[in-house]
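Notes follow once the structure below has been shown.
The values are calculated or read from the model by the stated rules, or taken from the named source; none is laboratory data. Just so it is clear, the structure is predicted and the values come from calculations on it, not from any experiment. Cβ coordinates were reconstructed from backbone atoms using ideal geometry, including for glycine residues, and neighbour counts include every protein chain displayed. Accessible surface is based on the protein model in full, side chains and every heavy atom, while ligands, DNA and RNA are left aside. Shrake-Rupley method; radii C 1.70, N 1.55, O 1.52, S 1.80 Å.
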Number of protein chains: 2
Amino acid sequence: MVHADSSNFASGVSKKQAYTQILEQAKALFDGQRNWVCNTANTSSLLWHALHALPSPSDRVNWAGFYVLDPSKSGQLILGPFHGKVACQTIAFGKGVCGVAAAQAKTQLVPDVEKFPGHIACDGDSKSEIVVPIVADDKVVAIIDIDCAVEHGFDEEDQTYLEELASVLSTSCDW
Amino acid sequence: MVHADSSNFASGVSKKQAYTQILEQAKALFDGQRNWVCNTANTSSLLWHALHALPSPSDRVNWAGFYVLDPSKSGQLILGPFHGKVACQTIAFGKGVCGVAAAQAKTQLVPDVEKFPGHIACDGDSKSEIVVPIVADDKVVAIIDIDCAVEHGFDEEDQTYLEELASVLSTSCDW
């Protein structure tokens, strides 16, 4: 199988099937490869293509990617690999949905970003968001960030699978 | 302007206008930010959205991103940020279009990848390719890699502007 086939998700699959394929493909891609840039780059592609193969609201995802600890400034996240429009380069811990997830080491499932205190609008099209921390050695090292162009874009099923993906990424990469 | 607006390219612009906007946006985004992951992540988004705003064949681009020197193995490239389907994680210097561009420090403009000796098929949909080396301190540190789903997807105008972009990236990032 060529690598690009990993991004092919059958139309009409369930959310469970799509995330199960993401997890299987991610584990296969990470086998023998611990570089976090390489692995998050391929994971952002998997997430983007999987979610776009699902029915609405998942197919309205307009940003899927990663922020990681900024090596040049403590308490700050910096943009990592993603799919979507150009994004904010840095986010302070505690600021916006990403910053709160990082500061609290806790998933943020936000049905309406306009109602989230201190929301950072990198893209006015984003209406809902889920942010899942990646924790390694008891420290948040990165976050998975996914935006959707409609409200209520994500549910507890997304959260469950994305937290499993975060766990796989935590142990599969050198952060 | 919110960051996502950087990715908005007016439909019907010329290739010259699209690349001029890419270069202007890239320089603005890199101002005060030298992290190469962050900067190549945003640049892959700029390239993807700009090329898709252009008429065929540019709008048939199916992969746009970066490979960088693999810190874990000399003479090898490793996947960086990109937009498109899942990609090969590592490429040896001298292998395929990317590897030859890196080994020779020379742009490869390939109208038909099937005719390129030793072509690596990460995605069977890719029919043409352009790879531009990023050189810093007389050493190739990364490459810009763009694939197109039709033959003859790129021309000398793409090459000229992408080499200018590579030059901007060379001096704007800590590699």
Quiz item: If a residue has to be within 27 Å of residue B:37 (Cα to Cα) and either part of a loop (DSSP other than H, G, I, E, B) or of a type in the set (D, E, K, R) (or both) to count, how many in region A:1-58 make the cut?
Solution: 9
Quiz prompt | Scope region A:11-30; condition within 12 Å of another protein chain (Cβ to nearest Cβ) and either open to solvent by less than 10 Å² (accessible area, probe 1.4 Å) or of a type outside the set (A, V, I, L, M, F, W, C) (or both); matching residues | solution = A:21, A:22, A:25, A:26
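Can you find even one residue in region A:85-108 that is aromatic (Phe, Trp, Tyr) and under 28 Å from residue A:11 (Cα atoms)?
no
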Quiz item: Out of the residues in region B:109-120 that are open to solvent by 40 Å² or more (accessible area, probe 1.4 Å) and in contact with a helix residue (DSSP H, G or I) (Cβ under 8 Å, 6 or more places away or on another chain), which is farthest from residue A:9 (Cα to Cα)?
Solution: B:109
Quiz item: If you take the residues of region A:31-43 that are more than 8 Å from every other protein chain (Cβ to nearest Cβ) and more than 13 Å from residue A:175 (Cα to Cα), which of them is farthest from the chain's Cα centre (by Cα)?
Solution: A:32
Quiz item: Can you tell me how many residues in region A:62-85 are part of a strand (DSSP E or B) and not hydrophobic (A, V, I, L, M, F, W, C)?
Solution: 8
Quiz item: Out of region B:72-81, which residues are within 8 Å of chain A (Cβ to nearest Cβ) and open to solvent by 10 Å² or more (accessible area, probe 1.4 Å)?
Solution: B:72
Self-check item: Yes/no for residue B:88 being assigned to a loop (DSSP other than H, G, I, E, B), within 28 Å of residue A:50 (Cα to Cα), within 14 Å of chain A (Cβ to nearest Cβ) and of a type outside the set (Lys, Arg)
Solution: yes
Exercise. Answer yes or no as to whether residue B:5 is touching a helix residue (DSSP H, G or I) at 6+ places or on another chain (Cβ under 8 Å), charged (D, E, K, R) and without any contact (Cβ under 8 Å) to a residue 12 or more places away in the chain.
Key: no
Self-check item: Evaluation of residue B:50 against (1) farther than 18 Å from residue A:78 by Cβ; (2) open to solvent by less than 10 Å² (accessible area, probe 1.4 Å); (3) within 8 Å of chain A (Cβ to nearest Cβ) (one fails), failing number
Solution: (3)
Quiz item: Is at least one residue of region A:53-70 open to solvent by 20 Å² or more (accessible area, probe 1.4 Å), at the interface with another protein chain (Cβ under 8 Å from one of its Cβ atoms) and among the β-branched types (Val, Ile, Thr)?
Solution: no
Self-check item: Unmet criterion (only one of (1) outside any strand (DSSP E or B); (2) under 13 Å from the mean Cα position of the chain (by Cα); (3) under 18 Å from residue B:83 (Cβ atoms)) for residue B:102
Solution: (3)
Quiz prompt | In region A:91-108, residue farthest from the other protein chains (Cβ to nearest Cβ) [restricted to those that are in contact with a strand residue (DSSP E or B) (Cβ under 6 Å, 6 or more places away or on another chain) and open to solvent by 30 Å² or more (accessible area, probe 1.4 Å)] | solution = A:105
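Out of A:4, A:41, I need the residue that is crowded, with 23+ Cβ neighbours inside 10 Å and in contact with a Lys or Arg (Cβ under 6 Å, 6 or more places away or on another chain). Which one?
A:4
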